[in-house]
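Below is one structure, written out as structure tokens; comments come after it.
The values are calculated or read from the model by the stated rules, or taken from the named source; none is laboratory data. Owing to the predicted nature of the structure, the values given are computational and were not obtained by experimental measurement. Here the Cβ positions follow ideal geometry from the backbone for every residue, glycine too, while neighbour counts run over all protein chains shown.
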Amino acid sequence: MDHGLRRTHLGERLTELEVEGLVVTRLPNVRYLTGFTGSNAQVVVAADGSAVFLTDGRYRAQSAHEVPDLPRTVYRQGYPQPLIDACRTIGIGRAGFERHALTYEGWEQLIDRAQGLELVPLGPQVEHLRRTKDHEEIALIDRAQGCADLAFDTTVLGGGLREGVTERAFALVLETAMVEAGAEDRAFDSIVAFGDHAAEPHHHLTDRELVRGDMVKLDFGARADGYHSDITRTVAFGESDPRLREIRDVVAAAQRAGIEAVRPGVSTVEVDAAARSVIVDAGHGDAFPHGLGHGVGGGGGRGAGRPGRQGGGGGLAGGAGAPRAAGPARPGGGGESEGAGAK
């Protein structure tokens, strides 16, 4: 990964915004800009692409080999004063900060110490860069998805679903299979939902046991070198209700419509509408309450926003990763169908 090039691209954007630098405190953004994988760090990036990396004493050694190309500040008493000092060190007098990431308390601490440094709230500038994946990122998402696919084949198609297994137990089987397939970890808390539970879009695991005739919804993903996949599959355990087969066909048609609508520059709201219209026309619009999809990649698909149904959706960039989740959630059965991150 060329982290220096990413900082240069960010610096170009900062010049357009008429700030001299950006104080980056959101950890996935710090990793994107530096390659650091620890649990606490910040980075100050100047408009010319120069930067200072900051972390606490636990990560002195780790940051030395993960971020060898930047000057580092290792602090003991919190980061507000070191961040202000870093801005001054690289000549920043007007600094943006991530208003969506910095707490009010954190902002107060920076303001108290600014003493002439102007702090300007900015939107998700790094996230905007992160939307478009380079070839290395796409390969990592593909690898993560391959681990999830193999785990599904092994545990579901391989006969791992059996009467009496609980949601909680099968989630562990699925997650173990992803690691055995080469994933570094699960991407997020897996969802395994049996029977009526499958109608809950974000069901929490229980000790409910699988019985013949249940619909089974699996929402899971793998992580590969920090990049995530996200996939949802709904399967029948035994003979399913014919009504659910009809809903499955509606979901498949909606998914196809959404995929056909995807192209660079199209509004996410338009893509949502293409899939949603199929479900509404089939009489299930009231059971499709959430947006169609969300971003996927580094930092986890769950953190990226779903497109709204009425305005507010941005355009899709070429190379962006976006799984689709299209399907009504009806009591008595599941309906979501979500693909992996797609170019």
Odd one out for Arg60 among (1) in a helix (DSSP H, G or I); (2) under 27 Å from Ala187 (Cβ atoms); (3) of a type outside the set (Val, Ile, Thr): (2)
Selected residue (only one of Arg94, Arg99 is of a type in the set (D, E, K, R) and without any contact (Cβ under 8 Å) to a residue 60 or more places away in the chain): Arg99
So Ile111, is it in contact with a Lys or Arg (Cβ under 8 Å, 6 or more places away or on another chain) and aliphatic (A, V, I, L, M): no
Test: residue in segment 229-239 that is modelled with pLDDT under 90, out of contact with any Pro (no Cβ under 6 Å at 6 or more places or on another chain) and over 30 Å from Gly297 (Cα atoms): yes
Residue check, Val280 in contact (Cβ under 8 Å) with a residue 40 or more places away in the chain and aliphatic (A, V, I, L, M): no
Count - residues of segment 64-118 that are assigned to a helix (DSSP H, G or I) and of a type in the set (D, E, K, R): 7
Residues satisfying the stated conditions in segment 200-247, i.e. surrounded by 14 or more Cβ atoms within 10 Å (Cβ to Cβ), among the basic types (Lys, Arg) and not in a loop (DSSP other than H, G, I, E, B): Lys217, Arg223, Arg233
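Working only within segment 51-91, note down all residues that are of a type in the set (Ser, Thr, Tyr) and touching a residue at least 24 places away in the same chain (Cβ under 8 Å).
Step one: of segment 51-91, the residues of a type in the set (Ser, Thr, Tyr) are 55, 59, 63, 73, 75, 79, 89.
The answer is Ser63, Tyr79, Thr89.
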Filter result for the condition that a residue is under 25 Å from the mean Cα position of the chain (by Cα), under 15 Å from Lys217 (Cβ atoms) and charged (D, E, K, R), over Glu184, Glu200: Glu200
Options Glu98, Glu167, Glu184: the member that is assigned by TED's automatic domain parsing to the domain that holds Val45 and in contact with a Lys or Arg (Cβ under 9 Å, 6 or more places away or on another chain): Glu98
Restricting segment 187-199 to residues that are in a helix (DSSP H, G or I) and either among the aliphatic types (A, V, I, L, M) or not assigned by TED's automatic domain parsing to the domain that holds Thr232 (or both), the residue that is modelled with the lowest pLDDT: Ala199
In segment 13-46, the residues that are in a loop (DSSP other than H, G, I, E, B) and either touching a Pro at 6+ places or on another chain (Cβ under 6 Å) or without any contact (Cβ under 8 Å) to a residue 40 or more places away in the chain (or both): Gly35, Phe36, Gly38, Ser39, Asn40, Ala41
